[in-house]
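Mind looking over this structure? Questions follow.
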Amino acid sequence: MAFALDQFALEGKVAIVTGAGARGNSIGRAYAFGLANAGASILVADLDGDGAERVAIELREAGYRARSTRVDISDPASAKAMAAAADAAFGGVDILVNNAAMMAELEYHPASTVPIDYWNKVLAVNLTGALNCAQAVLPLMRARSYGRIVNAVSGGAFPAQSVYGITKLALVGLTTTLATELGRENITVNAIAPGNTMSEAGAGLTPPESPFKKKMEQMVVMRIEGQPDELVGALILLASPAGGWMTGQVLHVDGGWILRP
Ligand SMILES: NC(=O)c1ccc[n+]([C@@H]2O[C@H](COP(=O)([O-])OP(=O)(O)OC[C@H]3O[C@@H](n4cnc5c(N)ncnc54)[C@H](O)[C@@H]3O)[C@@H](O)[C@H]2O)c1
């Protein structure tokens, strides 16, 4: 079949975007708007149920099909209820964007001394949460013989920085493992590794004069800051028929941070 631009279109597809609620300007919100703009119906899901509904209202006001639900991705039953909500609202699930994570709210602990309860809590959200959501949607994806799972990893995982970076590097392992298990079922599993992205959370973590910014100046080959909307093109590729022969990949959208010059 010859390539046509409409292979990027998501008409008739249903997408769940987790972590698209708590803050006004978030990567999840940009993902939800991008997928909706490509034609998908969107379930916005977040621990902050009111925030998720605010984003769903914004989407509907822009003319898109959107609903919201509160979810705690660390709880398998809550993840299952989220999948059921998408099914009830839109009749299935085609795309899961595992975007929710603990990041801005994390306390810094060196791995060598991190309290194990805290370690378990962060892993339960950032790693097990993505697995809970994937397991919850898989029966619905199998029913449609189409599935696209996109996990949010981070430039901070290459190499892993702190407990947060370890969770994101582990999520790369979950990405490649699920990709291997599900490839024959036309379910792809990929990841996006954003660089220093100016969501409200990202901007708060890296104020202009921070030592991190100075370090970035030496490590990033392009601009050291990107905007949430600059990640959306990679997501549409991975979510749409256009990216249908790609699986187990990490797309680094980071101004070349990964090159570590
Ligand atoms: N901003 C950056 O620079 C950057 C860089 C690399 C990767 N990322 C990743 O991108 C994603 C989005 O980041 P963001 O900058 O928009 O931050 P954000 O804090 O706005 O988004 C994270 C969302 O996850 C939700 N969440 C947290 N725990 C949850 C749980 N248990 N169940 C359901 N939802 C939960 C939060 O409520 C929040 O809405 C995250 O996975 C983050 O790690 C961000």
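Computed from the coordinates by the stated procedures, all read-outs in this text should not be read as laboratory data. Everything quoted here is computed from the prediction, not taken from an experiment. Neighbour counts run over all protein chains shown; Cβ positions are idealised from the backbone, glycine included.
If you build a Gaussian network model of the chain, linking Cα atoms that sit under 10 Å apart, which residue out of 242, 89, 62 swings the most?
62
I would also like to ask the following. Would you calculate a helix-derived [θ] at 222 nm for the chain, using -39,500 (n - 2.57) for each DSSP H run of n ≥ 4 and dividing by the full residue count, to the nearest 500?
-13500 deg cm²/dmol
Expressed as a rounded percentage, what relative contact order does region 130-207 have, with Cα pairs under 8 Å and six or more residues apart?
Here the relative contact order equals 35 percent.
What shape does region 75-138 have by the C-alpha gyration tensor, where a ≥ b ≥ c are the square roots of the eigenvalues, rounded means a/c under 1.5, and otherwise prolate means a/b greater than b/c and oblate the rest?
Judged from the Cα gyration tensor, region 75-138 comes out prolate (a/c at least 1.5, a/b above b/c).
Oh, and also: Order of 146, 31 from fewest to most other C-beta atoms within 10 Å?
146, 31
Rounding to the nearest 10 and keeping the result within 0 to 90°, find how far the Cα-based axis of helix 27-37 lies from the longest principal axis of the chain.
Tilt relative to the chain: about 30 degrees.
Here's something else I'd like to know. So what is the relative contact order for the chain, in percent, with contacts set as C-alpha pairs under 8 Å and at least six apart?
The normalised contact order for the chain reaches 19 percent.
What lysines could a cross-link reach from residue 215, if we take a straight Cα to Cα line under 23 Å and drop same-chain neighbours fewer than 8 places away?
168
Here is a follow-up. Restricting to the chain, what percent of DSSP beta bridges are antiparallel, rounded to 5?
Close to 5 percent.
Sticking with this one: Place a +1 charge on the Cβ of each Lys and Arg in the chain and a -1 charge on the Cβ of each Asp and Glu, then give the dipole magnitude about the Cα centre in debye, rounded to the nearest 20.
400
Checking the a/c ratio against 1.5 first, then a/b against b/c, what shape does the Cα gyration tensor give for region 46-104?
Judged from the Cα gyration tensor, region 46-104 comes out oblate (a/c at least 1.5, b/c at or above a/b).
Multiply the residue separation of residue 142 and residue 58 by 0.36 nm, subtract the distance between their alpha-carbon atoms, and state the gained length in nm to one decimal.
27.2 nm
While we're on this one: Cross-link partners among aspartates and glutamates for residue 121, C-alpha distance below 19 Å, same-chain residues fewer than 8 apart left out?
Leaving aside aspartates and glutamates fewer than 8 places away in the same chain, those within reach of residue 121 are 46, 48, 72, 75, 105, 107.
Can I ask one more? Comparing 72, 48, 117, which has the greatest mean-square fluctuation in the GNM of the chain with Cα pairs linked when under 10 Å apart?
117
Taking amide H atoms as placed 1.01 Å from N in the peptide plane, list the residues 5 or more away in sequence, or in a different chain, whose amide H sits under 5 Å from that of residue 197.
226
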